[in-house]
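The block underneath contains the structure these notes are about, expressed in structure tokens.
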Amino acid sequence: MKTFWIVALIILAVLIIALVVLSIIGRRLERKQAEQQVQIDAAKQNVTLLIIDKKRLPLKNAGLPDAVVESAPRLLRGSKMPIVKVKYGPKVMNMVADEKIFDLIPVKKEVRATVSGIYITDVKGLHGSLEVPQTKKKKGLFSRLRGKAVAERDKQLEAAKQEVQASTNASSGVQNAKVKSATKKKYRPKKKKK
């Protein structure tokens with residue numbers, strides 16, 4: 001029993017140390033983000049942009065200036081970022097969009113954007129409001145299975161309806177043929193004798 005308690009205390013101590021380290025790192029990252037947000041707010045300006053294209057690309061393949069790619073952390077260089085190709089005046093350039101507004105940005109339209117350097121922080125429609133895209137909610141396992149079952153049942157019902165329709169058409173076709181032949185004989189005009 002003594003070894004169990006020793007192992008449990010060691011694991012508890014490691015968890016407490018990890019929690020303290022993570023909280024310190026979290027506070028530092030919060031401070032850095034607040035400082036960056038202040039810098040972004042200080043340098044922001046409203047401009048009119050023509051959006052040519054938007055994609056999620058790795059930072060190294062995004063066509064951004066070399067200084068931007070080199071100043072980015074190494075882990076961030078391989079991750080995909082929201083890149084927007086815009087025409088600003090006579091220049092065509094690639095810019096980085098904020099993750100929150102990337103889905104709002106319309107393609108091949110003019111927008112009034114709030115820009116800080118090459119970073120787009122806000123977008124408004126130049127001629128009217130922007131269309132808010134409908135987010136697709138990811139389906140869970142049971143809803144996908146239920147959807148497949150409903151689709152299979154609908155296929156079976158459609159096949160059964162077509163079978164019934166075909167059989168009624170065939171039987172009504174036979175009945176229609178009998179009625180037509182009976183009406184031809186019965187209502188045939190008589191020829192007058194001369």
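The values are calculated or read from the model by the stated rules, or taken from the named source; none is laboratory data. Keep in mind that this is a model prediction, so the values were computed, not measured. Because the Cβ atoms are built from the backbone with ideal geometry, glycine has one as well, and the counts that use them run over all protein chains shown.
Quick check on region 113-154: of everything there that is touching an Asp or Glu at 6+ places or on another chain (Cβ under 8 Å) and of a type in the set (A, V, I, L, M), which residue is modelled with the lowest pLDDT? Looking at residues that are touching an Asp or Glu at 6+ places or on another chain (Cβ under 8 Å) and of a type in the set (A, V, I, L, M), I get LEU126. In region 65-95, what residues are at pLDDT 85 or above and within 15 Å of SER116 (Cα to Cα)? Matches in region 65-95: ILE83, VAL84, VAL86, TYR88, MET93, ASN94, MET95. With respect to LEU59, determine if the residue is closer than 16 Å to ILE118 by Cα, surrounded by 10 or more Cβ atoms within 10 Å (Cβ to Cβ) and touching a residue at least 24 places away in the same chain (Cβ under 8 Å). Spelling it out, it is not the case that LEU59 is closer than 16 Å to ILE118 by Cα, surrounded by 10 or more Cβ atoms within 10 Å (Cβ to Cβ) and touching a residue at least 24 places away in the same chain (Cβ under 8 Å).
Restricted to region 1-109, the set of helices (runs of 4 or more DSSP H) holding at least 1 residues that are touching a helix residue (DSSP H, G or I) at 6+ places or on another chain (Cβ under 9 Å) and assigned by TED's automatic domain parsing to the domain that holds ILE120 comprises 66-71, 74-78.
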